[in-house]
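Here the structure comes first, spelled out in structure tokens, and everything after it is commentary.
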Amino acid sequence: MKRKEEPAEPEDHQQSLQCVGVNGGCESSSEDSSTAENFSDNESTENETPEPKARVPSVAEAPQLRPMGTTVTKSSREECQLSRESQHVPTAEGASGSNVEEEIRMELSPDLISACLALEKYLDNPNALTERELKVAYTTVLQEWLRLACRSDAHPELVRRHLITFRAMSSRLLDYVVNIADSNGNTALHYSVSHANFPVVRQLLDSGVCQVDKQNRAGYSPIMLTALATLKNQDDMETLLQLLRLGDVNAKASQAGQTALMLAVSHGRVDVVKALLACEADVNVQDDDGSTALMCACEHGHKEITGLLLAVPSCDISLTDRVSPHSGAPRGGREPDAGCCYGNDALQDGSTALMVALDAGQSEIASMLYSRMNIKCSFAPMSDDESPASSSAEE
């Protein structure tokens, strides 16, 4: 069976973020990636067109109503007022008062303020900016926002204060900035989940405008990326549950049709699996090759996770896999650099979870599946021909 590409989990956590599709596919080094840490004035965002929501037309569609090179800003008085107000945003709950104020001094640059005001004008009237004006405003906001919110060491308080400032300008601008994506389709939520920066994740979710099911160009949503995120404490778990409840936990990755549950299972993430099941993730969803989360657990030998999946009453152990219509590999074939079901060359298509476990040499898991089958059979209703009364009559 053809194996599928999925988030890999290298030893270095920072590099693993590259392999989950945060930058559109696996890359050799996080330092060479086009993440927020490496943005420069000549970055790829310079050549992008804005990717706003459907109601906002693209740059190419915006008529040039002004001479090229003109700058669209509010009065200097309004910009100064925004700058002053942004420095006195109340501290978030749990912050240590003046110490936090001393460490975190937020001041929007004049360029960022002008860019935000220009984008707000564009959102109100798509014909208000020339192509050049819109491109400059978009690039400025994108680069500043990614530098602020998408770094592994992004500070939640700083993010929160910027969100308040954007909301003060307009709710439309807040929506636009929070969901703005880089050249690989990654939003701030993709990055913060991948970096396991759950305090920032919470600030983004609390904004109320996050598009939590938005997939990047590699086909993964922020929810799917939780399979590699390390939960450090109970607060992180609560934020994870908040994210899962806001999105579609059964959404499939565009490349291989895997769900967040399948990815978490294949990586042995017991905590994430529990969270997904608590949020009603469907254990019977099959990917493009017919694999289920249970088959992944059996193939990888994750006994505890197998038990969690079997504890779900609706778990169907009789499902079988199938040949992927996109696969040119022979039956039972193996494709390099994949990670879910299946890794055994001898395994043939049309296998149940029990067959997967036996083929992988997972005898304990196979026993668990046998027990589940016996329990199910013991509660199965008997036909009239099999009833004790019929048997006695025949004797």
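The values are calculated or read from the model by the stated rules, or taken from the named source; none is laboratory data. Just so it is clear, the structure is predicted and the values come from calculations on it, not from any experiment. Cβ atoms come from the backbone with ideal geometry, glycine included; neighbour counts cover every protein chain shown.
Could you tell me which of the residues Ala251, Ala256, Ala260 is out of contact with any Phe, Trp or Tyr (no Cβ under 8 Å at 6 or more places or on another chain), under 21 Å from Cys315 (Cβ atoms) and surrounded by fewer than 24 Cβ atoms within 10 Å (Cβ to Cβ)? Talk me through it step by step, then tell me what you get.
Details: Ala256 fails: under 21 Å from Cys315 (Cβ atoms); Ala260 fails: surrounded by fewer than 24 Cβ atoms within 10 Å (Cβ to Cβ).
The conditions single out Ala251.
Confirm whether Leu228 is in contact (Cβ under 8 Å) with a residue 40 or more places away in the chain and either more than 24 Å from Ile164 (Cα to Cα) or among the aromatic types (Phe, Trp, Tyr) (or both). Spell out the reasoning first.
Values: in contact (Cβ under 8 Å) with a residue 40 or more places away in the chain: yes; either more than 24 Å from Ile164 (Cα to Cα) or among the aromatic types (Phe, Trp, Tyr) (or both): yes.
Judged against the criteria, Leu228 is a match.
Of everything in the range 232-250, what is outside any helix (DSSP H, G or I) and farther than 13 Å from Leu205 by Cβ? Give them in sequence order. Reasoning before the result, please.
Filtering the range 232-250 for residues outside any helix (DSSP H, G or I) gives 232-233, 247-250.
Within the range 232-250, Lys232, Asn233, Asp248, Val249, Asn250 meet the criteria.
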_Would you confirm, using the coordinates I've provided, whether Leu129 is in contact with a Phe, Trp or Tyr (Cβ under 8 Å, 6 or more places away or on another chain), without any contact (Cβ under 8 Å) to a residue 40 or more places away in the chain and either on the phi > 0 side of the Ramachandran plot or of a type outside the set (Phe, Trp, Tyr) (or both)?_
no
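Consider Ser254 carefully, then state whether it is not assigned by the TED database to the domain that holds Thr139 and not charged (D, E, K, R).
Working: not assigned by the TED database to the domain that holds Thr139: yes; not charged (D, E, K, R): yes.
Spelling it out, Ser254 is indeed not assigned by the TED database to the domain that holds Thr139 and not charged (D, E, K, R).
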_Take the conditions under 28 Å from Lys121 (Cα atoms) and part of a helix (DSSP H, G or I) and apply them to Leu225. Does it pass?_
no
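A quick yes/no check of all residues on (1) part of a loop (DSSP other than H, G, I, E, B); (2) charged (D, E, K, R); (3) out of contact with any Cys (no Cβ under 8 Å at 6 or more places or on another chain); (4) under 21 Å from Ala353 (Cβ atoms):
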residue: Leu263; (1), (2), (3), (4): no, no, no, yes
residue: Val273; (1), (2), (3), (4): no, no, yes, yes
residue: Leu276; (1), (2), (3), (4): no, no, yes, yes
residue: Asp289; (1), (2), (3), (4): yes, yes, no, yes
residue: Met295; (1), (2), (3), (4): no, no, no, yes
residue: Thr306; (1), (2), (3), (4): no, no, no, yes
_Residue in the range 105-161 that is surrounded by the most Cβ atoms within 10 Å (Cβ to Cβ), counting only those that are under 24 Å from the mean Cα position of the chain (by Cα) and β-branched (Val, Ile, Thr)_ = Val159
*asked:* Looking at Lys303, Lys376 in this structure, which one is at pLDDT 55 or above and over 22 Å from His267 (Cα atoms)?
replied: Lys376
_Selection within the range 179-209 - assigned to a helix (DSSP H, G or I) and surrounded by fewer than 24 Cβ atoms within 10 Å (Cβ to Cβ)_ = Pro199, Arg202, Leu205, Asp206
_Looking for something modelled with pLDDT of 95 or more, surrounded by fewer than 18 Cβ atoms within 10 Å (Cβ to Cβ) and under 19 Å from Leu163 (Cα atoms) - is there at least one such residue anywhere in the range 210-221?_
yes
